[in-house]
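Written below as C-alpha cells is the structure these notes are about.
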C-alpha cells in the first residue's frame, strides 16, 4: 500500500532509483513550525500548493520560557502569520496532534510529511505519514514535492476477535513483545530502505479507525518509518461521522503484492499486557499487587474514545486511593466534549480525577513527571528511551481503571463483568480552535522566523569534536562542528526525532542508522556513517575526529584514531550525498535532481 501511494505521486510509477521525487498531499508541523516556515520562505514561498498544511501549537500551559520562545520567534514556536501562506494553525487546547489530525484532517491514500514521529497514528485511516527534516518540510511547503527513499513493507496479519478486557493497546503491546523491532532492524540493514508496517487480514476490517490508530502508533516504537491500514467501509463510516465523507478513498493491497515479511497474530489469544519501566512487555499479572502512585489516562496514543468511556464506567461510584493521583488528559477536544455530554467526565471527576490540558510537555513528562521511587502507569507511548529519561509503565485504559479502583497493578478481568460501551455517532466537529485565512488577509508580523546558522559545505579534510551523547550541549564545538558517536539505536532515533537538537552537528556515526534518519540528516548537511562495535570502541574516549575530503567517502574510510583505526561506510544514497556535501538542501536546486 505505501508503494501504491508513492507510485501515484511519482513521475516514475515503478519507483526505480534509490531516491525518488514524489508529490506531497499534506504537511503536518508539530515540533518546529517556525523552522519549517523559515525554510519555505527562503525558497520563495507565497502560498503553499499542498492540499492540507497544519501547524499544531502544543503549548497549553504557558510560563516565562514558553512566552519568551514565542516572542523571540524561536524555531519551536508557531508563527501567527502561517494562515497567510495557507497553513492552518491548530490552537492550544484542541488536543494532541495525532488524535486531532486523525479526526479533522487525515485522509486515506494520501502522503503526509511531518516532523513528529508520533503522527504515525494517522496510518489508522489509511494515510502514509513520514518523518522528515524541517528543510524537507520547507521544500514541500514551497514546491509541493520532496525526495524520498521507496519503502519496504512488513505485513501484520490480524485474525480472531479480542476477548473482554483486551483492547487495541494490549494488541499493540503484543506486537512489540513478538520482536517486531528486530524484524524491522534486519530489513533496514539488508535493504537500506525505510520499513512500513501494513496491517491486513480479516480482523483488520473489524477494528474501528481509532483502534487502528492505536496499532499504527507503535511504528516509531519498533523503528518503522510509518504504519498503514486498509481504507474500507469502516474508514468511510468514520469519515462520515466526522462530516468528511468526501475525503474517503478506498485503498487495499494488491493480491500477491510482495512484502519482506509477514507477522500473524490471533487477537483472541492476546491477554492484558503492560510495558514495564525498562521497556519490556509483560503480562499484567507479573506486576500484580505493586502499589501505584500516579495514573495518566489519555494522551496522544494508546487510548480511544471508547476506552475513555469504558474507564469512566468501570470507575463510577469509586474513589481514588489516598496516595494515588489520577490525571485525565483527553486526546482531543472532540473526546473531551463527548465525555462531558455523556456524563463520563462527571463520573471521572467524582472519582477524584484531575483534568489536565493536552500540552505537548505531558507526553515528554516535562510536566507531571513520574514520581521518583513509585510507580506511574499511563496509556500513551513513551519517547525513545535514553539514560536519565523518565520511566513509567504503559498499559490499557481498563488496566489503568483497575489500578485506580484498587491502588495496585492488577488484571482488569478481575472486574468480572465487562462494560458495554456505545460510542455516539453524532460527534462534535466544530473547528473553533483552527485558524484559517482563506483570503490571505492575516496580519503578518514584522519579525520573520530565522533560519539556523547555515552549515558550511564539505570540501576539504575537516576535524570535528566528538560527542558520545545524543544531547547536544548549548556550548559551541571547538572545531568545525560535533561528531556524534552513538552506541544504541534509541540514541540515533532521538537525534532523528529532535529537529531542534541538531544545531552544530555535522557527523553522526553509529552501528545502524535507519534510512529515514539518513535522509533527514542528509537534508540538513549532516554526514551519516556506519561502523562496527570495534570502531565504536576505537572512537570512544577521543576528543576529535579527522574526516577526509568528501571525494573519498564513497570508497569507505579507515581513519587512524590513537593507536587504532575507525572504519566507516557512508550511508547517503543518490541525491542525499549531494545534500550532505553541499551543507543541506539549500545547496540543491529545488525540484531537480542533485
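The values are calculated or read from the model by the stated rules, or taken from the named source; none is laboratory data. These figures come from a predicted structure and were not determined experimentally. Cβ coordinates were reconstructed from backbone atoms using ideal geometry, including for glycine residues, and neighbour counts include every protein chain displayed.
Figures for the structure shown
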read-out: Test set (1) touching a strand residue (DSSP E or B) at 6+ places or on another chain (Cβ under 6 Å); (2) surrounded by fewer than 19 Cβ atoms within 10 Å (Cβ to Cβ); (3) in a strand (DSSP E or B) - residue 560 fails condition number; value: (1)
read-out: Strands (runs of 3 or more DSSP E) contained entirely in segment 262-303, each with at least 2 residues that are in contact with a helix residue (DSSP H, G or I) (Cβ under 6 Å, 6 or more places away or on another chain) and within 17 Å of residue 379 (Cβ to Cβ); value: 273-275, 292-298
read-out: Residues (under 16 Å from residue 122 (Cβ atoms), assigned to a strand (DSSP E or B) and in contact (Cβ under 8 Å) with a residue 40 or more places away in the chain) located in segment 17-61; value: 26, 27, 28, 29, 52, 53, 54, 56
read-out: Residues within segment 238-258 that are free of Cβ contacts under 8 Å to residues at least 12 places away in the same chain and either within 18 Å of residue 210 (Cβ to Cβ) or surrounded by 15 or more Cβ atoms within 10 Å (Cβ to Cβ) (or both), tallied; value: 2
read-out: Residue match in segment 399-416 (condition: modelled with pLDDT under 90, closer than 30 Å to residue 237 by Cα and surrounded by 15 or more Cβ atoms within 10 Å (Cβ to Cβ)); value: no
read-out: Complete set of residues in segment 259-285 that are exposed (fewer than 13 other Cβ atoms within 10 Å of the Cβ), touching a residue at least 12 places away in the same chain (Cβ under 8 Å) and more than 13 Å from residue 170 (Cα to Cα); value: 264, 278
read-out: Residue match in segment 513-527 (condition: assigned to a strand (DSSP E or B) and either in contact (Cβ under 8 Å) with a residue 12 or more places away in the chain or not assigned by TED's automatic domain parsing to the domain that holds residue 148 (or both)); value: yes
read-out: Number of the exception - residue 433 against (1) surrounded by fewer than 17 Cβ atoms within 10 Å (Cβ to Cβ); (2) modelled with pLDDT of 90 or more; (3) touching a helix residue (DSSP H, G or I) at 6+ places or on another chain (Cβ under 7 Å); (4) over 30 Å from residue 80 (Cβ atoms); value: (4)
read-out: Single residue of segment 325-355 satisfying the filter (touching a strand residue (DSSP E or B) at 6+ places or on another chain (Cβ under 6 Å) and part of a helix (DSSP H, G or I)) that is farthest from residue 307 (Cα to Cα); value: 333
read-out: Residue within segment 103-114 that is surrounded by 24 or more Cβ atoms within 10 Å (Cβ to Cβ), under 10 Å from the mean Cα position of the chain (by Cα) and under 22 Å from residue 383 (Cα atoms) present; value: yes
read-out: Where residue 424 falls short, out of the listed (1) modelled with pLDDT of 90 or more; (2) over 25 Å from the mean Cα position of the chain (by Cα); (3) surrounded by 13 or more Cβ atoms within 10 Å (Cβ to Cβ); value: (3)
read-out: Residues located in segment 493-506, provided they are buried (at least 19 other Cβ atoms within 10 Å of the Cβ) and over 20 Å from residue 113 (Cα atoms); value: 504, 505, 506
